[in-house]
Amino acid sequence: MKNRWPKFVLVAFLALLVFVGCQKQVARTLTPLKPPEQQTEVRAFPANSSANLKLVVDGATDQVGKTTSYDPSYQKLDYPNGDVPIETGVCSDVIVRAFRKAGIDLQKDVHEDMKGNFSAYPTKWGLSGTDANIDHRRVPNLQTFFTRKGKSQPATDTSKDFLPGDIVTWDLGGGVDHVGMVTNVWFKPSQRYLIVHNIGGGTRMEDVLFAWKITGHYRYF
């Protein structure tokens, strides 16, 4: 019995971990895709806005409920306009898909800019050349691309500085990067626009602008 007791405790402990993990996953799965309508207000774009701005924002919000999972694994993609199935993806795919609604292919644009200016891009992955399958899906590369195109904005702690269509990047901690887009859906309780992003449970619209440390703010249109 003395030899079996520790093994029993270990099995019970592992079973508890699995249960807790499953409970957390279920809780995440049950998180609403967006706040109740009575708490939100869809605001019109300024009259002088680019037509592409509305297309991009609509392209981002349209992914809510369609992209229902998160898969960071390396995938072989078509080029240009390559994509993983709409049901899955990572945070950067939200931005890439939204931009394609306005006829802008970030896969192609990032790839071409990296080919001509490879040394200007991050080297944290130890690559010696470009890879059209993954380069545009990496947040630091998007940050570099938007910065090189002169699209950077101040990363302030003031919500009124963030407008619909703006792209925001965050550090989730431990060097984990994240990206999302500001929508034109106003959240009444916090008095700021909601963010469309995919942080692990599919694409959602949430009040997370200041949930993590902001590392970048970009306005393309």
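Results, tabulated for the structure shown:
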{"item": "Contacts under 8 angstrom Cβ, first residue in segment 136-162 being under 20 Å from S119 (Cβ atoms), partner among the charged types (D, E, K, R) and exposed (fewer than 12 other Cβ atoms within 10 Å of the Cβ), 6 or more apart", "result": "P140/K124"}
{"item": "Subset of segment 46-74 [over 20 Å from L33 (Cβ atoms) and crowded, with 16+ Cβ neighbours inside 10 Å]", "result": "S49, N52, L53, K54, L55"}
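Any read-out appearing in this document is the output of simple, stated calculations on the displayed coordinates, not a laboratory observation. It should be emphasised that the depicted structure is a prediction, and the values quoted were computed from it without experimental measurement. Cβ atoms come from the backbone with ideal geometry, glycine included; neighbour counts cover every protein chain shown.
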